[in-house]
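The values are calculated or read from the model by the stated rules, or taken from the named source; none is laboratory data. In this text the structure is predicted, and so the values were computed from the model without any measurement. Ideal geometry is used to build each Cβ from the backbone, glycine not excepted, and the neighbour counts take in all protein chains shown.
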Amino acid sequence: MDLSRPQVMGIINVTPDSFYAGSRTQTEMALARRVEQVVAEGASILDIGGYSSRPGAADVSPEEEMARLRRGLEVIRRVHPEAVVSVDTFRASVARQCVEEYGVALINDISGGEMDAEMFPTVAALGVPYILMHMQGTPQTMQQAPHYDHLLRDVFLYFARKVQQLRDLGAKDIILDPGFGFGKTMEDNYALLAHLDEFGIFGLPLLVGVSRKSMITRLLGITPDDALNGTTVINTLCLTKGAHILRVHDVRQAVEAVRLVQAMQAQSSRESYIINP
């Protein structure tokens with residue numbers, strides 16, 4: 001996949017308790033419609049998750065998580081067998097089953113290997129791209145009292161250490177995700193946004209996931225149902241700051257944002273003219 005042009009990752013939830021109710025798909029018919037929708041609207045990656053990572057989410061057993069994913073992956077395989085699929089899981093055993101049984105192409109780990117010590121060796125052995133996200137704590141604890149001595153330094157050192165561990169194990173393609181909303185205050189989220197372009201120092205693709213999150217809803221005093229406009233604004237800012245993948249609930253609007261920003265950036269390389277009156 002060529003990431004010189006930003007790609008859009010469409011969220012496919014097979015959880016009953018996602019923070020955004022509009023993304024929940026609890027029947028095979030609803031799931032098939034959702035898959036058809038995100039593909040038709042231009043998503044180049046489908047990201048399927050069976051474990052809700054919203055703040056305070058209840059724990060789910062590996063067996064239940066995999067049962068949910070099997071149901072979803074079977075539908076994807078039937079409706080769009082050619083789709084590029086990412087599995088959103090922090091469990092190595094679940095990641096392995098999804099890759100080996102269903103040909104899942106990417107592993108999207110919110111914990112950066114912190115919640116399962118076998119994840120990094122598994123990623124390296126499978127040879128699939130790995131989305132390395134920064135999170136402080138767990139989904140159950142991450143928003144209780146997030147604190148950093150120095151936010152950017154702490155996140156950068158985290159990525160430097162993790163990337164080196166993965167490379168030492170022979171992992172191949174690594175994608176970074178700063179983890180908006182995962183163990184961060186609202187001010188932390190906007191500090192990351194302000195300095196997003198500085199993540200280019202790693203020379204790795206950058207994924208951002210801000211879709212309908214509390215950094216938008218709390219600031220604007222709205223609900224996730226009303227957060228599409230704010231999501232599109234922040235996605236657009238992220239594109240201008242070097243994001244390569246947008247992880248979203250609303251694919252069409254994200255694809256349009258990519259096209260508009262690409263059109264602007266294409267002009268920036270052309271000759272500038274200065275008129276002296």
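Look at residue 263 and say whether it is out of contact with any Ser or Thr (no Cβ under 8 Å at 6 or more places or on another chain) and surrounded by fewer than 22 Cβ atoms within 10 Å (Cβ to Cβ). Yes.
Before we move on, is residue 73 under 22 Å from residue 246 (Cα atoms), at pLDDT 95 or above, of a type in the set (A, V, I, L, M, F, W, C) and in contact with a strand residue (DSSP E or B) (Cβ under 9 Å, 6 or more places away or on another chain)? Criteria met by residue 73. From the list 75, 104, 85, 60, the lone residue that is on the phi < 0 side of the Ramachandran plot, buried (at least 21 other Cβ atoms within 10 Å of the Cβ) and either among the charged types (D, E, K, R) or more than 19 Å from the chain's Cα centre (by Cα) (or both) is 75.
Scanning region 63-88 for residues that are over 20 Å from residue 43 (Cα atoms) and in a loop (DSSP other than H, G, I, E, B) turns up nothing.
For region 192-213, the condition of being among the basic types (Lys, Arg) and over 21 Å from residue 46 (Cα atoms) holds for none of the residues.
Report yes if some residue within region 63-71 is acidic (Asp, Glu) and either under 19 Å from the mean Cα position of the chain (by Cα) or closer than 14 Å to residue 15 by Cβ (or both); otherwise report no. Yes, region 63-71 has at least one match. All of 85, 79, 75 fail the test of being in contact (Cβ under 8 Å) with a residue 24 or more places away in the chain and under 24 Å from residue 3 (Cβ atoms), apart from 85.
Within region 95-134, the set of residues being closer than 17 Å to residue 63 by Cα and either in contact with a Ser or Thr (Cβ under 6 Å, 6 or more places away or on another chain) or basic (Lys, Arg) (or both) comprises 95, 96.
Please verify whether region 182-195 includes one or more residues that are of a type in the set (Asp, Glu), buried (at least 20 other Cβ atoms within 10 Å of the Cβ) and assigned to a helix (DSSP H, G or I). There is at least one residue in region 182-195 that is of a type in the set (Asp, Glu), buried (at least 20 other Cβ atoms within 10 Å of the Cβ) and assigned to a helix (DSSP H, G or I).
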